[in-house]
Amino acid sequence: MPGYELIGKEERDAVNEVFDRGGILYRYGFDEARRRIFRVAEFEAEFARAFGGRYAQAVTSGTAALKLALFALGVRPGDEVITQCHTFVATVEAVMDLGAMPVITEVDRTLNMDPRDLEKKITDRTRVIIPVHMLGAPARMDEIMKIAGRNHIPILEDAAQAPGGEYRGRRLGTLGAAGAFSFDFGKVITTGEGGMVLTDDERIYLKCREYADHGHEYNPTLPRGDDSRSTWGFNFKMMELQGAVGLAQLRKLDLALRLQRENKCRLKEGIRDLPGIEFREIADPAGDIGDTLVFFLEDARTARRFVQDLRERGMGTKNLPDAIKWHFAGTWDHMLAGAAPYKGRDLMECWPASRDLLRRAVALPVFVKMTDDQIAGALRSIGESLGAARDRRS
């Protein structure tokens, strides 16, 4: 994944500059000591401009970004929040941490939210819908937004795995009421850990800002120690080192997107004619960030054997199937087994269409710095592993 691939002199210089300027790591205060330079605030402003949003709130993780946005959208204990069964566990954790009930849909061949199943899951207790743009590709946002609009339900986009992606010419994370992003070490741009909430709604932004800092309202007429507050909060503040690294990484985003899209295209073209491969559907191909190549094989057994042989040749996969237990709700007994409407049910039977798709799915990582030789080697390994898997099946 390109974030860590592209860490270099720019990030090192940005961090050193924070220390050279007095080592003020806290994002607020110490104005004179830091020469009135605030890197987290700059990161927020540049991120909002780059993505086409009005307000951005930097936080400690993508999980925190989801929780803040849900809170700002009014989600409280007993409410229902709809999301999809193929996502990282954090999406549902954020819902449950607010005391709300996750209602989980099937995914379709995009491996994102199935709009048909979404419509079936809406009740009078539904407060927010969270489509997740998994593995760098957008959900079917036209259909999802129409359904949400008819039912007057706000959308929170989980764009943790798709920063820089687009849908119909708009950056992912800007189509709904808010978008949540992650900057952990496995993301397209990274601050080590970190996240961002993006929104055009000032009310949502202010609520996120307050919740991220113990309820502080940032009253300009009062010192911080005497600040006003109207709600409780927590501590999800990003620090200056992360903001400095984030600025350096953000300036490399367009390069990362261009190169990984080119490399994905070369990989995809190289295996297009292999027998039995069906590529994942992409709701808007131009908006795919290109960091993952996903395809389906004929059945689960062939997929397992293919991945095993691929691993023996030194080539790994990305989330599917190597980390499926963290990315499919059917495996989350530790979270869902005691919660209605899943109590007493076999979770693997709750989303059968998605289960069967995911068992046949293989996701290959696409890197920014792939040489011609590396791409040729990957194509050779894929072809040989697929042949070996079919030989064993026969």
### Query
Quick one: which of GLY314, GLY246, GLY290, GLY276 is in contact (Cβ under 8 Å) with a residue 60 or more places away in the chain, crowded, with 17+ Cβ neighbours inside 10 Å and at positive phi?
GLY290
### Query
Tell me, which helices (runs of 4 or more DSSP H) lie completely within region 272-371 with 1 or more residues that are hydroxyl-bearing (Ser, Thr, Tyr) and more than 17 Å from GLY387 (Cβ to Cβ)?
352-359
### Message
Among (1) modelled with pLDDT under 95; (2) in contact with a Gly (Cβ under 8 Å, 6 or more places away or on another chain); (3) part of a helix (DSSP H, G or I), there is one condition GLY225 misses while meeting the rest; what is its number?
### Response
(2)
### Query
Restricting region 37-78 to residues that are among the charged types (D, E, K, R) and not in a loop (DSSP other than H, G, I, E, B), which is most open to solvent (accessible area, probe 1.4 Å)?
ARG49
### Task
Take the residues in region 185-210 that are within 17 Å of THR63 (Cβ to Cβ) and open to solvent by 40 Å² or more (accessible area, probe 1.4 Å), then tell me which one is modelled with the lowest pLDDT.
PHE185
### Task
Inspect all residues belonging to region 93-106 and state whether any of them is of a type outside the set (D, E, K, R), part of a loop (DSSP other than H, G, I, E, B) and closer than 24 Å to ASN319 by Cα.
no
### Query
Given the conditions (1) closer than 25 Å to GLY215 by Cβ; (2) assigned to a loop (DSSP other than H, G, I, E, B), which single one is not true for VAL81?
(2)
### Task
May I ask you to list the residues in region 124-167 that are in a strand (DSSP E or B) and either among the basic types (Lys, Arg) or open to solvent by less than 50 Å² (accessible area, probe 1.4 Å) (or both)?
THR126, ARG127, VAL128, ILE129, VAL132, ILE155, LEU156, GLU157, ASP158, TYR167
### Message
Restricting to region 20-44, give me the number of residues that are aliphatic (A, V, I, L, M) and either more than 26 Å from the chain's Cα centre (by Cα) or over 22 Å from HIS214 (Cα atoms) (or both).
### Response
4
### Candidate set from region 168-184 (those that are out of contact with any strand residue (DSSP E or B) (no Cβ under 7 Å at 6 or more places or on another chain) and part of a loop (DSSP other than H, G, I, E, B)); member that is surrounded by the fewest Cβ atoms within 10 Å (Cβ to Cβ)
GLY169
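The values are calculated or read from the model by the stated rules, or taken from the named source; none is laboratory data. In this text, all values refer to a predicted model and were calculated from it rather than measured experimentally. Note: ideal-geometry Cβ built from the backbone for every residue, glycine included; neighbour counts use all protein chains shown. Areas reflect the complete protein model, heavy atoms only, side chains present, ligands, DNA and RNA absent. Shrake-Rupley method; radii C 1.70, N 1.55, O 1.52, S 1.80 Å.
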